[in-house]
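Readers should treat all values here as calculations from the given coordinates under stated rules, not as data from a laboratory. Computed from a predicted model, the values in this text were never measured in an experiment. Cβ: placed from backbone, ideal geometry, glycine included. Neighbour counts: every protein chain shown.
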Amino acid sequence: MMKSFNKMLFVFLIAATMLSACNGSNTEPAPTLTPTTGLPEPVINVESVPDVEQAAKAYFDLWKAEDYAAMYDRLSQLTKDAVSLEDFEKSHRNTAIKLTMQGMDYTILSKMVNPTSAQIGYEIRYSTALMNEISRNTIMNLRLEDGAWHVQWEAGMMLPELAGGNYLELVIEVPARGNIYSSDASDNYPLVSFEDAVTVMVTPGQINPDSEGQMVSLLAEMFDRSEVSIYAEYENTADYQYAVIGDVTLATANQYYDRLSRYDAISLSDFRSRFYHDGGIAPHVTGFVLTVPAEELEKYQRLGYTGEEKIGASGLEAWGEQYLAGTHGADLYVKDPQGQVLTKIASVPAQPAQSIYSTINSAYQYRLQQSFGDMVGAIVVMERDTGKVIAMVSSPGYDPNVFIAPYYTSYSIAEITQNPLNPMYNRASQGVYPPGSVFKVITMAAALETGVYQPDSSYYCDSYWRELEGWVGEDWTVSRGFGASGQLTLQEGLMRSCNPWFWHIAYSLWNEGYRTSIPDLAIDFGLGKPTGIEIPEFAGSINPTPTEISEYVQMAIGQSTMQVSPLQVAAFIAAVGNGGTLYQPTLIERIGLTGQEPVYSFEPIVVHDLNVQPTTLEAIQEAMVMVVANSSGTAQFQFRNYPYNIAGKTGTAENPIGKSHAWFAGYTFENDPDYPDIAIAVILENAGEGSEMAAPLFRRAVSLYFSDGQNSGGTMPWEESPYVPAVPEED
């Protein structure tokens, strides 16, 4: 009732109003109504929404850096509830491995923003080791939580194909590993190859005493070793155990099989593997291979390795991994959760491995290795005019087959890795020693280059030197029981290796203001810095700014804090011999596939020309010839009637522990077109006098080289006959 009444009242009022309006001027104007109150002004609160594109970029940049923990922190709570950090990281790492990912990049293509949600369209690009670039367009969903954008992650963000639980499978084809050969001069004899091989073992308890001598003789013949070394392999082995004598190719084993089978103590076990010929020719050069270490597995998988291959662990095996491993082939598939193939994303064929042809002359190297016996030290032989290293021996050596052949025991490996003499340490390039009197070549160069001295400058070489206050120096002749060398020219001072002469040079140069002349030239001659050779080396040390005259004086004779490697010495001696060109030593002749154009061929690399005058080098060369040819030369007694043209310098470096180290360094100048001239550096640790111990090994190195291995250059002081160590006399 009330509603009907109100409605009727409203109609009546409207009608009355209309009638009043029609009454014209008889009606007074209606009064103006002023509202007593108005509607309130609307209040609008505007809150800024974070920049979604910046949020996406921050996430992508963390992805590029592979900072998965920080990426996870930017996920939405809903995503975190569904995916743990461990699974999130594992998903990304597995995808990176399957893609052989080396890096990723992105481009944002579009964005759509709502009050509490957003979507970013983007292109993602993966650079890969095997499949070039893989790119996809996909989307990122985000939610606004606690005032910041958080990513609604799912696997399709990595690749759209991975949505719905799909996953990647990578099938890899591994090419055969490339070989390492010796130089062309050695008819490309393989130093390292993949072979059918045989391990030869002896069980002491099964040896027939009546035929033991013949058995040992046969094994010595087979392995081209001394009988003493064969005995040594099994003499401390229990009767019921076997001792590994070594490994040979299957072809060699077949050649000797009938004779070997006569001895019950000998057993043979075959295998197929990476094989280091002749028990390791130049093992410190070739290096060896190992299974991928667990801590580096992902790194190699992302390079396209399965993880089961052998990889280079040292030497040229490690340096040349990119060539020797070849290019792995790959097929990349997408599979559904049930393991069914949905699609193939990419496919690349395998490419064969390259082989490395080294500069090492295998026969020459092998004979020099045999020449060391039990001596500890090194020798480097390099072409004087190119820098090619044709032999590099570090003694003691080791057999790289121990690390890969299946029949070696952990004891065999321990004999190498735990040996206090550290046979895996390359004394030729990594061993650094005081150079001793070999360094006097550089001091003589400084004396001449400053102009303070001339080749015929004269000085009395006494047994003792007293010019430096508070210290008395003793010439080497004193300990040998020789008298003073007497009045000597500078060249004769080098010939006699007179310590007082060279102390006097440093003393006078210091006092005349030439306080860095000696180290300046040492650095110019390549000391105190890496040579650039392909295998690991130590730079040694040269103090460029001596602060005390006492240090300068000791530097002049190759002592003080100075440390150099045999490789560095060979390089600077070569530069002296060739007229002043310092070459970068190398072990690589060429790299490539047999019968095809090589991807690399050797060209000499000039480091620089020595900063000395030709007349200085001529004076030094003459003095070095006097060392080996003059009746007063320190090494003349080792080279009487020697048929080859040589120049050299003896060195005996004092050692804080034990006897002095024995040095000899020199070069040849035969000018024979068939035999490029060579430079040689020899060091024998704790061996005593360089002229007595190191010079004979230099003599052998030269003789073997120019005679194609026919002339052994005599017997070494530690040998019974060439290549056969003398048996120590019993007390």
Under 5 Å, built H, 5+ apart or other chain: amide partners of A243 = V202, T203
query = For the chain, what is the relative contact order in percent, using Cα pairs closer than 8 Å and at least 6 residues apart in sequence?
reply = 11
Between segment 368-389 and segment 469-508, the alpha-carbon center distance in angstrom = 30
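In the structure displayed, which of K310/K344; K64/K310; K388/K529 lie more than 26 Å apart, Cα to Cα? Don't skip to the answer; put the middle values down first.
Details: K310/K344 28 Å; K64/K310 30 Å; K388/K529 19 Å.
Long pairs (Cα-Cα over 26 Å): K310/K344; K64/K310.
Identify the GluC sites (Glu not before Pro) of segment 457-504 meeting these criteria: DSSP loop state and at most 11 other C-beta atoms within 10 Å of the C-beta. Intermediate values should be presented prior to the final figure.
Working: sites: E467, E469, E474, E492; in loops: E467, E469.
Of the GluC sites (Glu not before Pro), the ones in loops of segment 457-504 whose Cβ has at most 11 other Cβ atoms within 10 Å are E469.
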task = Compute the acute angle (0 to 90°) between the alpha-carbon long axis of helix 85-99 and the principal axis of greatest extent of the alpha-carbon atoms of the chain; round to the nearest 10°.
result = 60
ask   = From a point 7 Å beyond the Cα of E89 in the direction of its Cβ, which residues of segment 51-74 have a backbone N at a distance under 13 Å?
value = 66-73
message = Test of understanding: ordering C461, C498 by Cβ neighbours within 10 Å, fewest first, what list do you get?
response = C461, C498
Calculated from backbone phi, Karplus (6.51, -1.76, 1.60) coupling profile of segment 582-597 in Hz, x at Gly/Pro = 8, 9, 7, x, 9, 10, 10, 7, 6, 9, x, 8, 4, x, 10, 4
remark   = For segment 43-106, listing GluC sites (Glu not before Pro) in a DSSP loop whose Cβ sees at most 12 other Cβ atoms within 10 Å gives E47
inquiry  = Using only Cα atoms and rounding to the nearest 10 degrees, what angle (0 to 90) does helix 499-511 make with the longest principal axis of the chain?
reply    = 50
inquiry  = Based on alpha-carbon centroids, what's the gap between segment 697-723 and segment 148-221 in Å, whole number please?
reply    = 37
note = Interchain or sequence-distant (5+) residues whose placed amide H lies within less than 5 Å of the amide H of Y600 are I591
message = Given R₀ = 35 Å, what would the calculated FRET efficiency be for E467 paired with N686, taking r from the Cβ atoms and rounding to 0.05?
response = 0.70
query = If we sort 409-421, 666-678, 477-489 on the protection proxy, mean other Cβ atoms within 10 Å, highest first, what's the order?
reply = 666-678, 477-489, 409-421
ask   = When ranked by the protection proxy of mean other Cβ atoms within 10 Å per residue, highest first, what sequence do the peptides 502-514, 380-392 form?
value = 380-392, 502-514
key: H328, H661 arranged by Cβ crowding within 10 Å, fewest neighbours leading   = H328, H661
0 to 90° range, to nearest 10: angle between helix 695-706 axis and the chain longest Cα axis = 80
ask   = By what distance, in whole Å, do the Cα atoms of segment 459-574 stretch along each of the three principal axes, largest value first?
value = 47, 30, 22
request  = Please give the peptides 617-630, 218-231, 598-611, 693-706 ranked by average Cβ packing (other Cβ atoms within 10 Å per residue), highest first, as a rough proxy for protection.
outcome  = 693-706, 617-630, 218-231, 598-611
message = Please list 3J(HN,Hα) in residue order for segment 220-237, calculated via the Karplus relation 6.51 cos²θ - 1.76 cosθ + 1.60 where θ = phi - 60°; whole Hz, with x for glycine and proline.
response = 5, 5, 4, 9, 6, 10, 6, 5, 4, 5, 5, 4, 4, 5, 10, 5, 9, 9
ask   = Looking only at segment 541-566, which residues have a backbone nitrogen under 19 Å from a spot 7 Å from the Cα of N511 in the C-beta direction?
value = 547-557
inquiry  = Counting each pair of different Cα atoms once, what's the Kirkwood radius of segment 436-721 in Å, rounded to one decimal?
reply    = 19.5
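For segment 246-336, which GluC sites (Glu not before Pro) pass both filters: DSSP loop (anything but H, G, I, E, B) and at most 12 other C-beta atoms within 10 Å?
Numbers: sites: E295, E296, E298, E308, E309, E317, E321; in loops: E308, E309.
Answer by residue number: E308.
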Per-residue HN-Hα couplings for segment 365-372 [Karplus 6.51, -1.76, 1.60; θ = phi - 60°; Hz; x = Gly/Pro] = 4, 4, 5, 5, 4, 5, 7, 7
